[in-house]
Structure formats: C-alpha cells, structure tokens
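Engineer: The following block contains the structure, expressed as structure tokens.
Taken together, the values in this text are just the output of simple stated rules run on the coordinates, not laboratory data. Model, not experiment: these values are computed from the prediction. Note that we place each Cβ from the backbone using ideal geometry, even for glycine, and neighbour counts take in every protein chain shown.
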Amino acid sequence: MQPSKAGARRVTLRDIAREAGVSINTVSRALNGKPDVSEATRALVQAVAAQLDYRPNQVARGLRQQKTATLGVVLADLANPFFAEVAEGIERTAATEGYSIILANSEERQSREQQAVETLVERQVDGILITPTQRSEETIRYLMHRHVPCVLVARYFENLDVPAVVNDDREGSRLAVGHLVQRGHRDILYLNGPPYTSSARLRLQGYRDALEAAGIPFRPSMVINTDARSSGGYAAIQQALAAGIEFTAVACFSDYVGFGAIRALRQAKLRIPEDVAVIGYDDIDLAAIVEPALSTVHIAKTRLGQVAAHMLLGMIGRSAQERRHPGITVLPPQLVIREST
C-alpha cells in the first residue's frame with residue numbers, strides 16, 4: 001500500500017475500498033461518521049485513507065450537499081484596521097467549522113457593495129456577512145429576495161428584519177463624552193461619521209445623552225460630520241478653528257478621525273491634552289502608540305467577527321421558512337483612558 005505522490009491522480013473512495021476490502025458505501029459512511037459502521041471497520045478505513053493520503057473532493061461534496069463550504073464577506077473599508085480585525089474573527093471561526101471565506105471590500109461605495117454581493121451570490125456562497133454602506137437598502141433587500149442567509153456586521157437597519165451583530169455604539173459614545181465631562185470639559189466638539197450609518201446616528205445620540213446627563217445644552221454647531229477617515233478629522237478641526245468655534249475637547253467617531261484631529265490641532269500649536277483633550281473610538285492598535293496615546297472606546301473587533309460568523313453558520317442549511325431569526329446581538333464597549341485626555 002503506497003501513499004499518493006505529488007502530481008499523481010486523486011485518491012478515490014474506490015481506491016480505499018479496494019485496499020480495505022470493503023464496499024465503497026462502507027468507506028463513505030465510515031469517513032462521514034455515520035453510526036451504522038463498526039468501530040473496527042471505521043478505524044481500518046481511516047487508517048487506509050491516511051496511508052493513501054486521501055483528500056476529500058470538496059467541490060463534489062458541496063454539489064451533493066448543495067453547499068460550497070464558503071462564506072462571502074463584504075466589509076466597508078479594509079484599509080481601516082478595525083475591519084481587518086473583524087475579518088480575522090470571521091476567518092478564524094469559519095476555518096474551525098470547515099469553511100473558507102471570500103473577502104470583498106466595498107470601500108464604503110454602494111455600487112461596489114452591490115457588485116460584490118451579486119458576484120458572491122453567483123459563486124453560490126452558503127451565506128454572506130456584510131457591513132452595509134447604508135447609503136441604500138437595495139443590496140440587503142436583494143439578499144432577502146434571493147433567500148441568501150445574511151448577517152450584518154457593525155451596522156444594522158432598524159426597518160429590515162435582518163440579523164446583526166453590533167457594538168453598543170450609543171453607550172460607547174456616552175462613556176467617551178462622559179469621561180470628558182468628568183474631566184471638567186463643557187465645550188466638547190463632536191466629529192461624527194457619515195450620518196446615514198446606524199453607528200454614526202447612535203454615537204451622536206450617545207454624545208447628546210452625556211451632555212444631557214451633565215446639564216450641558218446640545219448645540220448643533222458643535223457637531224461636524226466627517227468621512228470617518230483621518231483626512232476627515234483633520235479637515236473638521238480646520239473647519240472648526242476657521243469658524244471660531246470655541247472648544248476644549250474633541251470626541252471623535254473613530255480613532256482614525258482622532259488621528260486627523262490631533263494632526264490639525266498640533267499644526268495650530270495647540271497642546272494635547274493641556275489645551276484640547278481628544279478621545280477616539282474603536283481602539284485600533286495604533287491608538288496606543290500615537291503621541292500622545294489616544295484615549296478611546298474599545299470594541300471587541302475580533303469577537304464581533306466571531307459572533308457574526310457563528311450566527312451565520314447557525315442559519316445555513318435551513319430553509320428560509322425553517323431559519324430561526326437570531327435577532328440583533330449587541331456587544332458591550334469599554335472605555336480606555338490614555339494620555340490624550
């Protein structure tokens with residue numbers, strides 16, 4: 001009995017059956033863990049399969065089971081380390097369950113999101129995890145119409161019955177701004193993300209919650225929307241300074257926005273935190289090593305991906321009628337205080 005060599009033909013169930021002296025059906029049932037095979041026969045078949053270096057044909061198996069053992073993943077901005085960590089959690093969980101992933105980047109563009117999802121559906125992935133751009137509901141409604149199992153990651157639609165895993169963005173922002181209030185700040189500039197996203201709406205509400213709890217009036221002029229990148233934070237601070245807005249602290253939609261804010265403040269010869277305190281959101285790795293180290297709100301990003309992948313895998317294999325709706329899972333945030341506040 002010789003193991004297969006590189007470049008040799010694929011070992012089949014027939015080869016194992018011949019070497020083991022059993023039927024092809026017995027080999028199949030033994031390798032697939034069926035109960036009606038004796039332990040001795042199962043051990044023999046597994047030993048022969050190992051000696052022949054048998055590799056299951058996943059494509060054929062997928063066709064038989066009407067599955068491809070593949071998950072589609074569409075994230076909003078892979079240049080942002082936040083989404084890279086989410087992807088890591090998804091991939092790790094998928095691999096544990098015998099699934100691979102196909103990863104796509106929408107770059108926060110609706111057209112790329114739609115194209116990516118349609119391509120993944122054509123490739124017959126078993127389900128899709130997606131951080132929607134939220135410029136439109138069209139992509140998600142397309143998946144619902146096609147009965148493709150789908151879980152939203154980090155954002156959700158209030159009016160669509162689609163499962164999701166999100167961070168408690170309202171509470172996280174309330175913690176961040178509440179921390180600034182406790183440090184004695186009352187003129188707190190808020191640099192928000194794109195207002196059409198659920199995360200931006202909720203974080204803005206958390207900002208307002210913290211102000212209200214402290215008896216500080218909400219002023220719309222203290223809120224500037226950004227594109228959630230460092231360039232957006234930089235431009236927003238320049239805009240605020242040019243407009244003569246007085247502030248002693250800046251709360252940011254994301255760490256990236258915070259990095260841009262710090263750069264603009266330094267260019268204006270303002271010291272951090274002596275003149276202006278800055279707090280971010282997400283707690284990406286860079287937040288701990290910038291100068292000064294950025295106070296922020298920690299999101300369990302890898303965990304976010306893991307929970308979403310587990311949720312999707314639990315939906316796969318059931319018909320649309322049988323599929324149990326997992327609802328929305330909300331993960332708790334954690335305040336991380338560093339040097340910038």
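Engineer: Take a quick pass over the chain and tell me how many lysine pairs come in under 30 angstrom between Cα atoms, counting only ones 8 or more apart or on separate chains.
Structural biologist: Lysine pairs meeting the criterion: 4.
Engineer: Turning to a different aspect of this structure: Which residue fluctuates the most in the chain, going by a Gaussian network model with Cα springs under 10 Å, if the choices are Gly327, Gly89, Gly33?
Structural biologist: Gly33
Engineer: Going by average Cβ density within 10 Å per residue, which order do the peptides 266-278, 188-200, 156-168 take, highest to lowest?
Structural biologist: Averaged packing, sorted descending, gives the order 188-200, 156-168, 266-278.
Engineer: Using r as the Cβ-Cβ distance of Glu212 and Gln267, and R0 as 41 Å, what FRET efficiency do you calculate, to the nearest 0.05?
Structural biologist: With R0 = 41 Å, the Cβ-Cβ based efficiency is 0.80.
Engineer: To continue, here is another question. Where in segment 145-188 does the label zone of Tyr196 land, with the point 7 angstrom along Cα→C-beta and an amide N cut-off under 20 Å?
Structural biologist: Output list for this probe position: 152-162.
Engineer: Name the residue farthest towards the positive end of the dipole of the chain from the options Cys252, Ile128, Asn159, assuming +1 on Cβ of Lys and Arg, -1 on Cβ of Asp and Glu, about the Cα centre.
Structural biologist: So the residue we want is Ile128.
Engineer: Which order do peptides 244-252, 138-146 fall in by mean Cβ count within 10 Å, highest first?
Structural biologist: Top to bottom by mean Cβ count within 10 Å: 244-252, 138-146.
Engineer: Using the beta-carbon distance between Asp161 and Val121 and R0 = 22 Å, what value does 1/(1 + (r/R0)^6) give for FRET efficiency, to the nearest 0.05?
Structural biologist: Efficiency, rounded to the nearest 0.05: 0.70.
Engineer: Calculate the dipole size of the chain relative to its Cα centre from +1 charges on Lys and Arg beta carbons and -1 charges on Asp and Glu beta carbons; express the result in debye to the nearest 20.
Structural biologist: Dipole size: approximately 1040 debye.
Engineer: Please give the net charge around Val223, taking every other residue with its beta carbon less than 11 angstrom from that of Val223, where Lys and Arg add +1 and Asp and Glu add -1.
Structural biologist: With Lys, Arg at +1 and Asp, Glu at -1, the neighbours total +3.
Engineer: Determine the dipole magnitude for segment 107-213: charges of +1 sit on the beta-carbon of Lys and Arg, -1 on that of Asp and Glu, nothing else is charged, the reference point is the Cα centre, and the result goes in debye to the nearest 20.
Structural biologist: For segment 107-213, the charge dipole is close to 300 debye.
Engineer: Next up: Which ³J(HN,Hα) values in Hz, rounded to whole numbers, follow from the phi angles of segment 232-238 under the Karplus curve 6.51 cos²θ - 1.76 cosθ + 1.60, where θ = phi - 60° and Gly and Pro get x?
Structural biologist: My calculation for segment 232-238 gives x, x, 4, 5, 5, 5, 4 Hz in order.
Engineer: Hey, can you grab everything whose amide H is under 5 Å from the amide H of Asn225? Only 5+ residues off in sequence or another chain; H modelled, so Pro and N-termini drop out.
Structural biologist: Sorted by chain and number, the residues that satisfy this are Asn192.
Engineer: Can you tell me how much longer the chain between Ser100 and Asp285 gets when fully stretched, taken as 0.36 nm per residue apart minus their C-alpha distance, in nm with one decimal?
Structural biologist: Fully extending the segment from Ser100 to Asp285 adds 64.0 nm.
Engineer: OK, next. What's the angle, to the nearest 10 degrees (0 to 90), between helix 198-213's Cα axis and the longest principal axis of the chain?
Structural biologist: Once rounded, one gets 40 degrees.
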